[in-house]
Amino acid sequence: MRALIVHLSDFHITSDNAVLCSHTTPIASAVKTIESGIDICIVVASGDISLSGAKQEYVQALAFFVSLKDALSRQLSEGEPSRSPLLKFVLVPGNHDCNFSAASSVRQVIVDTILSDPTKANDSEMAKICTSVQDNFFELLDLLDTTDSGFAADSHNHLYWEYVITHGEERMLFRCCNTAWLSQLHEQQGKLYFPPEVVKTTEADFAVLVLHHTLNWLENNNMRALRSRIDETADVVLTGHDHEATWKSQGLPSRLVNFMFEGGSLQYPDNPMKRDFNALVVDTKASRLKVAHFSWDAGTGIYAPSNKSRMTSDSLAFEWVTLPTARSRTGQRPSMSKDFSAFLYDLGIDLHHPRTGRVALPDIFVFPDLCEVRIPNNGIRRFIRGDGFLHLLENECVLLISGDSQCGKTALSITTCFDPPLTTSFDPPG
């Protein structure tokens, strides 16, 4: 399967914001340059589709998505309508998709209750009240689901839902997380909560997890738990909210984890001339992907690939990148209970941060510099910087780490062997 994923985020559509519809053809014209022979095109909107969650804003949003679908069908058909790939929309809400003017006083009480006692997040009635401010968003989602065919969607429980896309014998899965269900008018970083256990472990040949908030907006312990769940269930993660288009590979390189993409903003409220988005081409059979970041050029009226896309130095050809597979499907990942994780990560002293709460080992760990000694010893020693340790670990079958007592050998072993949030960064696409 060769799938084009158009990753749009943070639209901030207002009730009189029809100008965005004029951008659908330039968007479609941009993404068709990445790769030909696309089987399926999925438009992923990772939240903040509207500015305030008002119904009229979603009327404009529906017009935009219908126009974008027509533009993509024309551009990707390569002049032959019969060759137009199957098109689908995958949406999750953001904090701007909450109509707080319709929020009841009961919702605020429930939000405060869940944030102080996350076990209450499993109460379906409480979840229904908390997501009631997103009713207009879910009406749009139902309209888009109704107008499309060829896809199986899990019934919306408004916290988590899935889309299954089949092509031949291959299955692509989109896991949608509503991280804005507890959002408030004045969002505070490090305060949100999303129950990681609602993310299903449905198997697929390729899995994409979509959520609006980047993980640092979640409470610290919740962030680590959800990050671990993501490590088990997703090959690619798409987010928004921060208006900064970046990407990285998450997890130990030798354990094959996932790619994480943060979306830019299709419409910056304070700068209407600034617009950008990401696009990916996934080739599941060859286990590879292409990444592109496009920025609006008002002078030419096109979305041009930015210099932060992964392109070759001597051409505008986008590079293929090897695609890892989520560890849950490789059988390589060791299972670790919550209590054992807490035991391993415990610092032995009671440290707290005013924003993230109790501090654990992964929060403060810094990779040490090492000196490599080969056996038999030929007298040559190689200095290895801490930020190069993961690359060394990926390429060596066996490593013996020696050092003085209390130099950090155990902390290094715990962090590299058991902690999925370790990251190896790549050039960002935006």
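Given a Förster radius of 30 Å and the C-beta distance between SER15 and ASN157 as r, what FRET efficiency does 1/(1 + (r/R0)^6) yield to the nearest 0.05?
Here the calculated transfer efficiency is 0.55.
Using the Cα atoms as the points, what is the convex hull volume per residue of segment 2-329 in Å³?
For segment 2-329, the hull spanned by Cα atoms encloses 132 Å³ per residue.
Once phi is turned into θ = phi - 60°, what whole-Hz ³J(HN,Hα) does the Karplus curve with 6.51, -1.76 and 1.60 give for every residue of segment 36-44, x standing for Gly and Pro?
9, x, 6, 8, 9, 10, 10, 8, 9
Quick query: amide H of PHE261 versus all other amide H atoms, modeled in the peptide plane; which residues come in under 5 Å with a sequence gap of 5 or more or a different chain?
Amide H to amide H, under 5 Å and 5 or more residues apart or across chains, PHE261 pairs with VAL237, LEU238, THR239.
Less than 14 Å Cβ to Cβ from LYS128, Lys/Arg counted +1 and Asp/Glu -1: what total charge do the surrounding residues give?
Local net charge: -1.
If you count, for each residue, the other Cβ atoms within 10 Å and average over each peptide, how do 66-74, 359-367, 296-304 line up from highest to lowest?
66-74, 359-367, 296-304
When only Cα pairs under 8 Å and 6 or more residues apart are kept, what is the percent relative contact order across segment 127-236?
It comes to 23 percent, rounded to a whole number.
Given the Cα-Cα distance of VAL164 and GLN406 and 0.36 nm per residue of separation, how much length would full extension add, in nm?
Full-extension gain reported as 82.1 nm.
I need the phi-derived Karplus couplings for segment 220-233: 6.51 cos²θ - 1.76 cosθ + 1.60, θ = phi - 60°, integer Hz, Gly and Pro marked x.
3J(HN,Hα) across segment 220-233, in whole Hz: 4, 5, 5, 4, 5, 5, 5, 4, 5, 5, 4, 4, 7, 10.
Starting from the Cα gyration tensor of segment 168-261, multiply each eigenvalue by 5, take the square root, and state the resulting semi-axes largest first in whole Å.
Output for segment 168-261: semi-axes of 23, 14, 13 Å.
Any lysines with Cα under 26 Å of the LYS191 Cα? List them, leaving off those in the same chain fewer than 8 positions away.
LYS120, LYS128, LYS200, LYS248, LYS338
Order the peptides 118-125, 182-189 from the highest to the lowest mean number of other Cβ atoms within 10 Å of their residues.
Answer by packing, highest mean first, reads 182-189, 118-125.
Can you compute the modelled spin-label distance between ASN221 and ASP142, with each label point 7 Å from Cα toward Cβ, in nm?
Taking the simple label geometry, ASN221 and ASP142 are separated by 3.7 nm.
Give the aspartates and glutamates whose C-alpha is closer than 14 Å to that of LYS409, dropping any in the same chain fewer than 8 places away, or say none.
The qualifying aspartates and glutamates are ASP369.
Rounded to the nearest 0.05, what FRET efficiency is calculated for VAL321 and SER413 with R0 set to 25 Å and r the Cβ-Cβ distance?
For VAL321 and SER413, the calculated efficiency is 0.25.
What distance in nm lies between label points placed 7 Å from Cα along the C-beta direction at GLN56 and ASP363?
Here the modelled spin labels are 4.6 nm apart.
Give me the one-decimal nm value for the distance between modelled label points at CYS371 and ILE129, 7 Å along each residue's Cα-to-Cβ direction.
6.4 nm
Here, each number is a calculation from the coordinates, and none is a lab measurement. In this text the structure is predicted, and so the values were computed from the model without any measurement. All Cβ positions, even for glycine, are placed from backbone atoms using ideal geometry, and neighbour counts span all protein chains on display.
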